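The values are calculated or read from the model by the stated rules, or taken from the named source; none is laboratory data. The structure presented is a predicted model; accordingly, all values stated were derived computationally and were not measured. In this analysis, Cβ positions are derived from the backbone assuming ideal geometry, glycine residues included, and neighbour counts consider all displayed protein chains. Just so you know, the surface numbers come from the protein's heavy atoms only, side chains and all, with ligands and any DNA or RNA stripped out. Shrake-Rupley method; radii C 1.70, N 1.55, O 1.52, S 1.80 Å.
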Amino acid sequence: MENNTETFVHVLPLQIRFNDIDMMGHVNNAVIMEFFDYGKMKYFEYLGISVEKEDVTVVIVHYEVDFRGQIMLSSDAEVCTKVVSIGEKSLHVLQQIVSNGEVKVVCRTVMSGYNHRTRKSDFIPESMKETITRFEEM
């Protein structure tokens with residue numbers, strides 16, 4: 001399990017809205033997943049990688065989440081995103097939601113190369129690998 005010493009270059013502030021809160025008074029776990037998706041989308045967008053317009057892109061094939069603490073309506077929060085490894089057909093993304101200085105949720109996602117035309121898995125484009133590797137200083 002990751003600790004609080006992870007370094008992230010891509011950090012995105014989150015706005016907690018009233019409708020994000022459930023009956024327990026904290027951000028609902030389904031909303032947490034939306035925050036992680038938003039973080040991934042903005043990460044790729046920041047790097048100039050289109051995940052919808054290219055013939056070959058990446059899609060989520062697996063994720064796991066560890067909930068460590070609650071995020072409340074009045075919390076300051078940010079989603080931190082980084083790619084930790086890239087293979088031929090998949091990449092691994094690590095994300096954290098930090099609230100009031102503490103890691104509250106950790107998500108590990110596996111994304112697979114995907115060809116929109118064939119609707120099958122495919123190799124991750126070299127240009128995408130190079131862009132991510134350069135950004136993350138891998």
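Find out how many positive minus negative residues lie around Asp122, taking Lys and Arg as positive, Asp and Glu as negative, among other residues whose Cβ is under 11 Å from that of Asp122.
Details: positive: Lys89, Arg117, Arg119, Lys120; negative: Glu54, Asp55, Glu88.
Value of the local net charge: +1.
Once you list every other residue whose beta carbon is under 10 Å from the beta carbon of Val93, what net charge do they have if Lys and Arg are +1 and Asp and Glu are -1? Provide the component values of the computation, followed by the final result.
On the way: positive: Lys40, Lys82, Arg108; negative: none.
Value of the local net charge: +3.
Exposed loop sites here are trypsin sites (Lys or Arg not before Pro) in DSSP loop states with at most 16 other C-beta atoms within 10 Å. What is the longest stretch of the chain lacking them? Intermediate values should be presented prior to the final figure.
Values: sites that count: Arg17, Lys53, Arg68, Lys89, Arg117, Arg119.
Looking at the chain, 18-52 is the longest stretch - no exposed trypsin sites (Lys or Arg not before Pro) with at most 16 other Cβ atoms within 10 Å.
Pop out the ³J(HN,Hα) list for the range 93-107 in order, Karplus 6.51 cos²θ - 1.76 cosθ + 1.60 with θ = phi - 60°, rounded to Hz; leave Gly and Pro as x.
Each residue's phi maps through the Karplus curve to give 10, 10, 9, 9, 9, 9, 9, 6, x, 10, 6, 9, 9, 10, 10 Hz.
When the convex hull of the Cα atoms of the range 1-72 is projected onto a plane and the area is averaged over all directions, what value comes out in nm²? Don't skip to the answer; put the middle values down first.
On the way: hull surface 25.9 nm².
The orientation-averaged projected area of the Cα hull of the range 1-72 comes to 6.5 nm².
So how exposed is Thr7, as accessible area in Å² (1.4 Å probe, rounded to 10)?
Its heavy atoms expose roughly 100 Å² to the probe.
Could you list the GluC sites (Glu not before Pro) in the range 44-97 that lie in coil according to DSSP, counting only those with at most 13 other Cβ atoms within 10 Å of their Cβ?
In loop regions of the range 44-97 (DSSP not H, G, I, E or B), the sparsely surrounded GluC sites (Glu not before Pro) are Glu52, Glu88.
How far is helix 126-136 tilted, in degrees, relative to the longest principal axis of the Cα atoms in the chain, given as a value from 0 to 90 rounded to the nearest 10?
That helix lies at roughly 40 degrees to the long axis.
Expressed as a whole percent, how much of the Cα-Cα distance distribution for the chain exceeds 21 Å?
Working: 4024 of 9453 pairs.
Pairs farther apart than 21 Å: 43 percent.
If each DSSP helix of 4+ residues adds -39,500 (n - 2.57) and the sum is divided by the residues in the chain, what number results at 222 nm, nearest 500 deg cm²/dmol?
Details: 2 runs with 29 residues, N = 138.
Dividing the helical sum by the residues of the chain leaves -7000 deg cm²/dmol.
Amide H of Ser75: which non-local residues (sequence gap of 5 or more, or other chain) have their own amide H closer than 5 Å, using H built in the peptide plane?
For Ser75, whose amide H was placed from the backbone, there are no distant partners under 5 Å.
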